[in-house]
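One structure below.
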Amino acid sequence: MTTDQIIQDITSKDISRIRTGACEIISFSQDKTKVLPLKVYRQLIIDKTNGLDMGGAFAPNKRFVDYALEIIDFHASDKGCPCSLYSDYKYECNNPNRERDKSNISISNVIRIENKWIDYYICKCLKCEQKFQAFEREGHYMWWEWKKV
Ligand SMILES: [Zn+2]
């Protein structure tokens with residue numbers, strides 16, 4: 001998706017398209033060169049999504065837009081390594097396997113419960129070497145809680 005497509009989606013006032021646009025931004029949260037062109041649209045995104053009822057059965061869809069805006073703010077204000085976005089914000093869908101596939105982190109171990117279910121992943125940021133435990137949780141959907149180690 002181009003920046004234009006993302007902005008068209010996220011400002012469309014159509015819940016499904018807003019979510020698509022926001023999740024696209026989230027997918028490249030670690031890539032400053034892709035996030036920075038969105039900086040000039042920050043206020044537009046806020047204005048166009050303000051007060052919309054975005055619904056969400058088990059967790060509010062609004063969190064996708066909120067997190068996308070936090071990602072833009074993070075890069076715009078140069079707050080250090082973006083891997084802090086995994087652990088320091090209220091967003092729970094950063095999948096360690098996908099982050100590894102994008103070469104953002106490495107996974108050195110997977111700790112299991114009773115040799116079956118995944119308890120947590122031991123991960124390391126490939127940019128700054130910060131280590132994390134990413135706990136895998138499952139309720140109505142699967143999510144991850146990242147903690148800096
Ligand atoms: Zn890092």
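The values are calculated or read from the model by the stated rules, or taken from the named source; none is laboratory data. Worth saying up front: this structure is predicted, and the values here are computed from it rather than measured. Ideal geometry is used to build each Cβ from the backbone, glycine not excepted, and the neighbour counts take in all protein chains shown. The accessibility values were calculated without ligands, DNA or RNA, using every heavy atom of the protein model including side chains. Shrake-Rupley method; radii C 1.70, N 1.55, O 1.52, S 1.80 Å.
Computed per residue of the chain from DSSP H runs no shorter than four, each worth -39500 (n - 2.57), the mean residue ellipticity at 222 nm is -10500 deg cm²/dmol. Cβ screening of the chain for cysteine pairs under 4.7 Å finds these without a partner: Cys23, Cys93, Cys123. Solvent-accessible area of Cys81, all protein chains in place: 30 Å² (probe radius 1.4 Å, heavy atoms, ligands and nucleic acids excluded).
Do any chymotrypsin sites (Phe, Trp or Tyr not before Pro) in the stretch 29-67 lie in a loop, going by DSSP, with at most 16 other beta-carbon atoms within 10 Å of their beta carbon, and if so which?
Counting only loop positions with at most 16 other Cβ atoms within 10 Å, the chymotrypsin sites (Phe, Trp or Tyr not before Pro) in the stretch 29-67 are Phe58.
Cross-link reach is defined here as a Cα-Cα straight distance under 29 Å, omitting same-chain residues fewer than 8 places apart; for Lys39 the lysines meeting it are Lys13, Lys48, Lys62, Lys79, Lys90, Lys102, Lys124, Lys127, Lys131, Lys147, Lys148. For a paramagnetic label modelled on Cys93 (point 7 Å from Cα along Cα→Cβ), amide N atoms under 16 Å away belong, within the stretch 39-69, to 54-69. Here Phe135 and Thr33 are evaluated by their C-beta separation; at R0 = 25 Å the FRET efficiency comes out at 0.25.
Under a model in which nothing but the beta-carbon of Lys, Arg (+1) and Asp, Glu (-1) is charged, the chain shows a dipole of about 240 debye around its Cα centre.
Note on the stretch 72-149 and the stretch 1-57: Cα centroid distance 22 Å, given to the nearest whole angstrom.
Taking every protein chain into account, the accessible area of the stretch 1-79 amounts to 53 square angstrom per residue (probe 1.4 Å). Restricting the stretch 92-149 to trypsin sites (Lys or Arg not before Pro) that sit in a DSSP loop and have at most 16 other Cβ atoms within 10 Å of their own Cβ leaves Lys102, Lys116, Lys127.
Note on the stretch 91-149: with neighbouring protein chains present and a 1.4 Å probe, carbon and sulfur make up 45 percent of its accessible heavy-atom surface. A DSSP coil position with no more than 13 other Cβ atoms inside 10 Å describes the following trypsin sites (Lys or Arg not before Pro) in the stretch 1-60: Lys13.
Remark: the Leu126-Ser106 segment gains 6.5 nm on full extension, using 0.36 nm per residue and subtracting the alpha carbon distance. The mean sequence separation of alpha-carbon pairs under 8 Å and at least six residues apart, normalised by the residue count of the chain, gives a relative contact order of 16 percent.
With Rh defined as the Kirkwood radius, the inverse of the mean 1/r over Cα pairs, the Rg/Rh of the chain is 0.99. Computed over protein heavy atoms with a 1.4 Å probe, the carbon and sulfur contribution to the accessible area of the stretch 1-88 reaches 48%.
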